[in-house]
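Peer 1: Before anything else, here's the structure in question.
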Amino acid sequence: MLTMKVIQRWRGSGSGLGIEWLSFFFQHPQNITIPTLPWLLIFVSELILSFAWFLQQACRWRPVYRTVFPERLPADDKLPAIDVFICTADPNKEPSVEVMNTVISAMALDYPPEKLHVYISDDAGSDATLHCTKEAWNFAKYWVPFRRKYGLVTACPDVYFSSSENDNGDYKGSEFKAERKKME
């Protein structure tokens, strides 16, 4: 009688779970029916995932290290043409300035200019993107030759002009400073 009052008081105490979940563990073993199909499915899935994990570890056992041999690259006239597609959707979610930095960076790749084609796909058809594309084209006429002439490592103009330690190389002359000032 006392046990029933304690159980009823515990159930009504607002603990949420009560002791129904405990009753499964205190049943007689003959009364417990274990559903075999769900347990079997879980066991088989664990075996499959363990096997997949084991196969993925092979690349960590013996990693592949590759070296670059620039002298083996073909001449510029034998390189294939490359098309770079830059997609944008909404100028509010993807700021046009960031998209144009990507476009200019793609245009400034160290690749023959006659074999490099950069395309912009604007799904929203925004006037802001069109205007920024025109401005980026005007800026790229100065940036791309400037970068190639002075051998700058940074292709993105935003990174180049915002960094505190600029990638000026060995160029400290007045011609370099005048051209850099013209772009700023």
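Peer 1: Spelling out what I want: for every residue of the stretch 122-138, take phi, set θ = phi - 60°, compute 6.51 cos²θ - 1.76 cosθ + 1.60 (Karplus), and round to whole Hz; glycine and proline get x.
Peer 2: Once rounded to whole Hz, the list reads 10, 5, 7, x, 6, 5, 5, 5, 5, 5, 5, 5, 5, 5, 5, 5, 5.
Peer 1: Using a 1.4 Å probe over the heavy atoms of the protein chains, calculate the carbon and sulfur portion of the accessible area of the stretch 83-184 as a whole percent. Mind dumping the intermediate values first?
Peer 2: Values: 3480 of 6460 Å².
Here carbon and sulfur together make up 54 percent of the probe-accessible area.
Peer 1: Ok, one more. If we sort 70-82, 149-161, 100-112, 123-135 on the protection proxy, mean other Cβ atoms within 10 Å, highest first, what's the order? Numbers along the way, then the final one.
Peer 2: On the way: 70-82: 8.4, 149-161: 15.3, 100-112: 18.6, 123-135: 13.8.
Packing proxy ranking, top to bottom: 100-112, 149-161, 123-135, 70-82.
Peer 1: Continuing with the same structure: Can you tell me the FRET efficiency between ALA178 and GLU114 if r is taken as the Cβ-Cβ distance and R0 is 25 Å, rounded to the nearest 0.05?
Peer 2: With a Förster radius of 25 Å, E is 0.30.
The values are calculated or read from the model by the stated rules, or taken from the named source; none is laboratory data. Model, not experiment: these values are computed from the prediction. Ideal geometry is used to build each Cβ from the backbone, glycine not excepted, and the neighbour counts take in all protein chains shown. When the accessible area is computed, the model is the full protein with side chains, heavy atoms only, and any ligands, DNA or RNA have been set aside. Shrake-Rupley method; radii C 1.70, N 1.55, O 1.52, S 1.80 Å.
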